[in-house]
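Each value in this text was obtained by applying a stated rule to the coordinates, not by laboratory testing. Everything numeric in this text was worked out from a predicted model, so none of it was measured. All Cβ positions, even for glycine, are placed from backbone atoms using ideal geometry, and neighbour counts span all protein chains on display.
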Amino acid sequence: MKRAAFSVALLAAALVAAPAPAVENRSSPKAVVELFTSQGCSSCPQADALFAKLDNRTDLIALAYHVDYWDYIGWKDTFGDEANSTRQRGYAQGWGSARVYTPQMVVNGEEGVVGSHEDEVNGAISSAALEIPVSLKIKGDMLSIDVGGMPGMKDAMVWLVRFRSAETVTIETGENAGQTIEYRQIVTGRQMLGMWDPASGTRLRMPLSEITSNGSTGAAILVQIDKNGLPGPILGAASIEL
């Protein structure tokens with residue numbers, strides 16, 4: 001009986017000492033880089049590779065939106081979503097354009113560049129900055145979101161953007177037939193959490209289970225201006241990966 005009790009005590013001590021799951025938290029990025037891409041676009045793999053390099057930078061939050069408007073040419077993007085295409089068209093409309101294309105990278109919701117042109121992408125990032133501080137903290141099974149205030153600024157929306165950190169896909173047909181590509185930071189869903197108050201800031205709490213739904217492994221919090229229903233400049237951001 002003593003040996004059994006001792007074994008149970010050792011097991012309990014080991015469970016207590018076991019390290020918590022690794023969490024990556026990016027709370028002070030200079031930019032949010034959104035890639036609009038498609039598995040069916042022959043020009044996109046180069047941009048996908050550049051995007052993976054950007055994702056390795058700790059001063060950036062990278063989010064990949066797979067569009068669905070190339071699905072008709074022979075390969076249906078396994079992550080494609082009409083909502084992603086709508087978001088890209090919203091940016092274009094807000095800039096006074098009707099043209100969308102892939103690959104495109106949008107930096108802080110303000111500037112769109114060809115996603116495979118590394119010099120253009122780096123140029124847009126070099127001058128980027130996010131003014132509003134956003135911090136994320138985990139306590140138990142809850143996520144606390146703290147968005148700082150900045151009196152005099154316009155109201156903005158606080159968004160939760162879920163993502164899957166990586167997925168490898170073998171493309172069987174279409175323009176990229178035969179290629180096996182690793183995709184990073186794949187957006188799996190978006191939802192508005194509330195409004196940001198410039199005068200006093202905004203504090204929100206949500207269950208961590210909201211982040212990991214639909215196979216997601218992390219989420220970004222974006223503070224973004226709404227321009228009559230169209231996405232505007234991103235003012236602040238943070239991300240967490242579980």
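Across the chain, the relative contact order, built from alpha-carbon pairs under 8 Å that are at least six residues apart, equals 24 percent.
Estimated from helical segments only, the mean residue ellipticity of the chain at 222 nm is -6500 deg cm²/dmol, where each DSSP H run of four or more residues counts as -39500 (n - 2.57). Normalising the average separation of contacting C-alpha pairs (under 8 angstrom, six or more residues apart) by the number of residues puts the relative contact order of region 11-131 at 29 percent. About its Cα centre, the dipole of region 23-241 is roughly 580 debye, where the only charges are +1 on Lys and Arg Cβ and -1 on Asp and Glu Cβ. Relative to the longest principal axis of the chain, what angle (0 to 90°, nearest 10) does the C-alpha long axis of helix 2-17 take? The angle comes out at about 30 degrees. Once the C-beta distance of Ala177 and Ser213 is scaled by a Förster radius of 30 Å, the resulting FRET efficiency is 0.40 to the nearest 0.05.
Compute the whole-percent fraction of alpha carbon pairs in region 160-233 spaced more than 18 Å apart.
Value for region 160-233 (Cα pairs over 18 Å): 57 percent.
Looking at (i) 29; (ii) 24; (iii) 36, which value of percent of Cα pairs over 28 Å apart comes from a calculation on the structure shown? Checking each listed value against the structure points to (iii). Gain on full extension, evaluated as 0.36 nm per residue between Lys227 and Leu204 minus their Cα-Cα distance, stands at 6.0 nm.
For the modelled label position 7 Å from the Cα of Ala49 along Cα-to-Cβ, which residues of region 104-123 have backbone nitrogen atoms closer than 15 Å? Flagged as within label range: 115-119. Excluding residues fewer than 8 places away in the same chain, name every one of the lysines whose C-alpha is closer than 29 Å to that of Lys154. Partners found: Lys30, Lys137, Lys227.
With the simple model of a label 7 Å out from the Cα in the direction of the Cβ, Lys154 to Glu131 spans 1.1 nm.
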